[in-house]
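Values in this text are rule-based calculations from the coordinates and carry no lab data. Predicted, not measured: the structure shown is a model, and the values here were computed from it. Counting neighbours? That spans all protein chains shown, and the Cβs are built from the backbone with ideal geometry, glycine included.
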Amino acid sequence: MYRLNHDEGLCANCLAVACLMKCQYMKFGDNKEAHEEMLRLINGEDTRILQECQTCYACEEYCPYGNHPYYLICERREAKGIYTAPRPITKQWINMTQMQGKYMVGEVKERAISLCYIPTLGPLAQGEIFAGLSSSVVFGAEFMCPAVHTHFAKMSVVKERLPKVVENIVKLGVKEIICLHDECYGTFTSIAKAYGIEVPFTPIYYMDYLLERLRDLRDKIRPLHLKAAYQRPCSNRLIPDKNRLVKEILDFIGVELVSRTYEGENALCCGEVIRSISGYRLADDIQERNLSDMVQAGAEYCVFNCPACMTVLSEKAKKKGLKPVHIVELCQMAIGEKGVG
Amino acid sequence: MGEIKERLISIVGADAVSAEPEELWFYARDPGVLEAHFPDFVVAPRTTEEVQKIVQLANEYKIPLVPMGNGMALTGLVIPLRGGIVLDMKRMNRILEVNEKGRYVVVEGGTSQGVLKAYLDDHYPHLRHSLPDAPPTTTIAANVALHGQGRLTQQYGFNSDMVTGLEVVLPTGEICLIGSPSLGPYWFSKGPALPDLSGLFLGWLGTTGIITKVGLRLYPNKRIRDVEIFVTDRPELIPDILFDLTHLEMLEDITVWFQPKPLMFLGNYHITVFFTGDTEEEVTWKKRMIWDTLETYMKTKDGGFMNVDPMKSQLIQMPQRGVAEFADVPRGGGFEYSGPIVPIEHYPKYAAKVLELAEKYDVLYASAARLISGGHAMMFSISFAFNRNDAGMMKRVKEALEEATNFALEMGGIPWKPNFVEQKMILKQMHPETKKLLMAVKKLLDPNGIMNPGNWEEN
């Protein structure tokens with residue numbers, strides 16, 4: 001079984017404890033208190049971290065050393081048999097994402113698109129932006145990044161399934177895979193690395209691909225002149241260096257990314273997993289603060305990266321007067337493939 | 001036989017009578033496991049008077065008469081076990097009256113659930129009836145005649161409890177009004193404050209008369225419907241969870257279900273809670289009450305709410321199409337269930353029995369229970385889908401259903417819409433004086449034994 005590459009000494013000597021001090025859900029009196037809790041976590045002792053972590057992934061970004069505090073919390077929880085969400089919900093997710101041979105593989109070339117196990121991604125991977133690649137797609141549990149199970153502290157499921165996913169992609173002869181799901185890219189580049197799981201193909205972050213294609217299609221772009229707020233997903237915390245791409249893409253298509261309280265490191269997740277873990281009060285509070293912040297910042301559109309966030313927040317965003325849209329759709333609007341509105 | 005056909009044609013016209021084998025074929029069977037029995041004639045009357053004349057004719061020739069709605073009871077209740085005339089009521093499908101302020105509707109005996117729903121949606125969008133999760137072509141009269149349930153059963157009881165009056169053609173041919181319409185023009189009460197004679201026709205499965213008109217209660221149709229699904233893997237907790245939920249006294253419908261496919265549902269028990277409101281605030285408040293009520297189970301990690309956003313549009317469909325989809329999972333169009341009415345505290349034992357039967361008989365199962373009257377009882381369905389072309393599978397399903405009925409009777413439950421075999425099992429277990437009364441009433445109403453013979457008979 002794969003083991004987490006975690007440098008305990010690094011955490012033991014880190015007095016800044018950014019991973020915990022910046023946490024949006026756990027509050028510590030001072031660095032010393034946070035450090036003590038971290039030491040308990042490292043030593044496998046009981047700590048409030050195990051009870052209070054909401055699995056937002058943010059500490060992966062806050063740690064300046066890339067030492068994977070979030071994965072460590074998940075490991076410790078599982079070792080102690082601690083459930084984050086209720087047991088049947090955890091079970092449901094494990095069952096729902098099991099590989100059952102019901103996958104879909106298109107006319108796959110050396111460069112392919114991964115739709116993960118998310119049907120709503122399929123319709124996005126169409127049109128000129130994905131010209132020549134629309135049929136080179138893979139979809140299904142066999143190709144799904146298992147990072148979602150970290151929310152449920154089931155690292156054993158991640159470690160069991162991720163090598164199989166990698167193997168399934170390799171078997172197709174794929175050399176480069178464009179990950180249309182943010183979390184897939186995070187899984188291949190962060191989780192796999194943290195566990196020493198070899199990824200013998202090149203994962204391509206879809207926003208890198210988008211930007212490249214927008215440059216190719218520069219002549220077709222008509223600036224949209226819109227104001228938008230961005231909903232940063234939890235998985236983006238695994239790949240913080242990619243966050244800049246949102247602004248670059250929006251700039252390219254004439255969309256103003258409004259400045260707001262909950263952006264960058266302060267971003268709020270969609271809240272749905274937190275609803276399972278801690279109930280509606282915290283989840284509703286997060287969603288209300290997040291969407292109100294978008295409105296107050298003057299956004300007309302709520303731009304999504306993750307389709308799960310989009311499913312959860314779209315209706316609520318509409319009720320606030322925001323127009324929900326995936327960033328791919330915005331790009332398609334800019335080149336005239338989709339109507340604005 | 002030719003003479004009877006001519007007489008039938010003289011009553012309803014040639015286009016409403018058939019003795020053609022290709023048409024009789026359809027009236028000989030239903031989607032359940034019982035063997036087909038061909039009728040001699042199918043007749044489709046348009047008026048109560050035509051029904052009356054057909055009944056008089058049947059008495060004259062002592063020929064069996066089987067009233068039929070859409071034939072979707074699944075338990076062979078309108079399979080003409082002894083041949084005779086099938087009375088297809090579907091042409092009597094008019095909506096006769098809606099009393100808006102009194103919140104009731106009067107419909108003809110062949111009016112379908114779908115026709116009434118569409119009519120109310122178009123003309124009285126603030127009113128609704130208790131729609132069952134059956135295909136929309138099923139009829140209102142048949143549903144109440146077999147004590148059917150619907151979306152409002154959790155709040156207001158069996159759909160038969162919602163009847164506000166009946167017009168019945170008795171087995172001897174008299175046209176009889178039941179309840180308030182027997183005294184005046186209003187259809188607001190099936191019984192009270194009179195002796196409740198509706199009990200002579202509801203639950204008798206067409207053996208005591210033919211319902212030609214039904215008065216039915218309507219209820220407020222709130223602007224917004226919403227749904228939550230609470231999931232647990234401990235069936236022993238379900239009676240307590242349901243007790244807690246029904247204490248809220250504000251939920252529209254509650255069903256409890258489990259099934260092995262798709263895989264995401266395996267090993268868990270799901271409690272679907274529907275609730276309604278006229279404003280977002282009302283719905284949000286109710287949602288929070290539901291969550292607060294079950295918070296204890298979330299804290300112990302024994303249960304939690306699943307994210308219903310991706311499937312919400314399907315869940316709030318009325319009726320739900322998913323039911324029909326499950327019904328044909330093995331392909332081949334066979335589906336039947338045993339649905340006893342049971343005390344809620346027995347839920348864990350029934351759930352265990354489903355798993356035992358599925359394993360023993362190697363059949364694909366699903367179970368969906370619906371709460372009745374705020375939690376006084378529940379309909380617990382043990383459903384099996386099968387391929388009609390697979391005789392072995394059909395036999396196993398039949399045996400599994402029989403064992404399920406036996407189990408329900410042993411546990412003090414009441415088999416719902418029992419087939420003729422299950423009716424005999426019920427009568428065998430029934431208190432002898434009760435059975436005597438039941439048989440005496442039946443004999444009194446139908447002295448020639450022409451009405452749906454084979455049902456509610458000991459031998």
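So what is Rg over Rh here for the stretch B:92-220, counting just Cα atoms and using Kirkwood for Rh?
0.93
In the neighborhood of residue B:342, defined by Cβ-to-Cβ distances under 14 Å, what is the net charge if each Lys or Arg adds +1 and each Asp or Glu adds -1?
Taking every Cβ under 14 Å from that of residue B:342, the sum is +1.
With a/c under 1.5 counting as rounded, go ahead and sort the stretch A:219-334 into rounded, prolate or oblate using the C-alpha gyration tensor (a ≥ b ≥ c being the square roots of the eigenvalues; past the cut-off, prolate if a/b is larger than b/c, else oblate).
Cα axes put the stretch A:219-334 in the prolate bin.
How big is the Cα convex hull of the stretch A:1-62 in projection, averaged over all directions, in nm²?
Orientation-averaged projected area of the Cα hull: 4.6 nm².
Taking just the alpha carbons, could you work out the radius of gyration and Dmax for chain B, both in angstroms?
Rg and Dmax of chain B, Cα atoms, are 22.2, 74 Å.
How much of the calculated P(r) for the stretch B:1-154 lies past 21 Å, in percent of all Cα pairs?
Value for the stretch B:1-154: 48 percent of Cα pairs lie more than 21 Å apart.
Among the GluC sites (Glu not before Pro) in the stretch B:165-263, which ones are in a DSSP loop with at most 14 other Cβ atoms within 10 Å of the Cβ? Mind listing them?
B:174, B:249
Could you pull out every residue, at least 5 positions away or on a different chain, whose amide H is within less than 5 Å of the one on residue B:66? Hs are placed 1.01 Å off N in the peptide plane, and Pro or chain starts have none.
Residues meeting the amide H criterion: B:85, B:86, B:87, B:452.
In the neighborhood of residue A:302, defined by Cβ-to-Cβ distances under 13 Å, what is the net charge if each Lys or Arg adds +1 and each Asp or Glu adds -1?
Net of charged neighbours comes to +3.
Once each part is reduced to its C-alpha centroid, what is the distance from the stretch B:378-428 to the stretch A:1-71 in angstrom?
Answer, in whole Å: 57.
Need the full-extension length gain, residue A:337 to residue A:99, defined as separation in residues times 0.36 nm minus the C-alpha distance. One decimal, nm.
Stretched out fully, the residue A:337 to residue A:99 stretch lengthens by 82.2 nm.
Compute the angle between helix B:432-445 and the longest alpha-carbon principal axis of chain B, please, reported from 0 to 90 degrees and rounded to the nearest 10.
40 degrees
Using only the Cα atoms of chain A, construct the convex hull and provide its projected area averaged over every direction, in square nanometres to one decimal.
Its Cα hull, projected and averaged over all orientations, spans 16.6 nm².
Could you tell me how many degrees, from 0 to 90 and to the nearest 10, lie between the Cα long axis of helix A:69-79 and the main elongation axis, the longest principal axis, of the Cα atoms of chain A?
60 degrees
Based on DSSP, what percent of beta bridges with both residues in the protein assembly as shown are antiparallel, to the nearest 5?
Of all bridge pairs located within the protein assembly as shown, approximately 70 percent are antiparallel.
Between residue B:247 and residue B:280, take the C-beta separation as r, use R0 = 22 Å, and let me know the FRET efficiency to the nearest 0.05.
Approximately 0.35, to the nearest 0.05.
Count the lysine pairs in the stretch A:154-292 that are 8 or more places apart or on different chains: how many have C-alpha atoms under 29 angstrom apart?
Eligible lysine pairs with Cα atoms under 29 Å apart amount to 22.
Could you tell me the number of lysine pairs in the stretch B:1-158 with C-alpha atoms less than 23 Å from each other, where the two lysines are 8 or more residues apart or belong to different chains?
For the stretch B:1-158, the number of qualifying lysine pairs is 7.
About the Cα centre of the protein assembly as shown, how large is the charge dipole given +1 on each Lys and Arg Cβ and -1 on each Asp and Glu Cβ? Please answer in debye to the nearest 20.
With only Lys, Arg, Asp and Glu charged at Cβ, the dipole is about 220 debye.
Taking the number of other C-beta atoms within 10 Å as the exposure measure, put B:362, B:196, A:284 in order starting with the fewest.
B:362, B:196, A:284
What does the charge add up to near residue B:164, with Lys and Arg as +1, Asp and Glu as -1, over the other residues with Cβ less than 10 Å from its Cβ?
That works out to +3.
Ratio of alpha-carbon Rg to the 2.2 N^0.38 Å globular estimate for the protein assembly as shown, to two decimals, please.
Computed over Cα atoms of the protein assembly as shown, the ratio equals 1.13.
Cross-link candidates for residue A:338: which aspartates and glutamates have Cα within less than 20 Å, leaving aside residues fewer than 8 places away along the same chain?
The reachable aspartates and glutamates, counting only those whose Cα sits under 20 Å from residue A:338, are A:128, A:212, A:216, A:219, A:251, A:256, A:300, A:329.
With only alpha-carbon atoms in the gyration tensor, what are the semi-axes of the equivalent ellipsoid for the stretch A:95-209, in Å, largest first?
22, 15, 13
Please give the charge dipole size of the stretch A:95-209, origin at the Cα centre, charges +1 on K and R Cβ atoms and -1 on D and E Cβ atoms. Round to the nearest 20 debye.
Its charge dipole is roughly 340 debye.
Give, to the nearest whole percent, the P(r) tail of the stretch A:187-270 beyond 14 angstrom, counting all Cα pairs.
70 percent
Per 10 Å bin from zero, what fraction in whole % of the C-alpha pairs of the stretch B:305-459 is there, up to the bin with the longest pair?
In order of increasing distance, the bins hold 10, 30, 33, 20, 5, 1 percent.
As a footprinting exposure proxy, order A:130, B:420, A:143 by other Cβ within 10 Å, with the fewest listed first.
Ranked by crowding around the Cβ, least crowded first: B:420, A:130, A:143.
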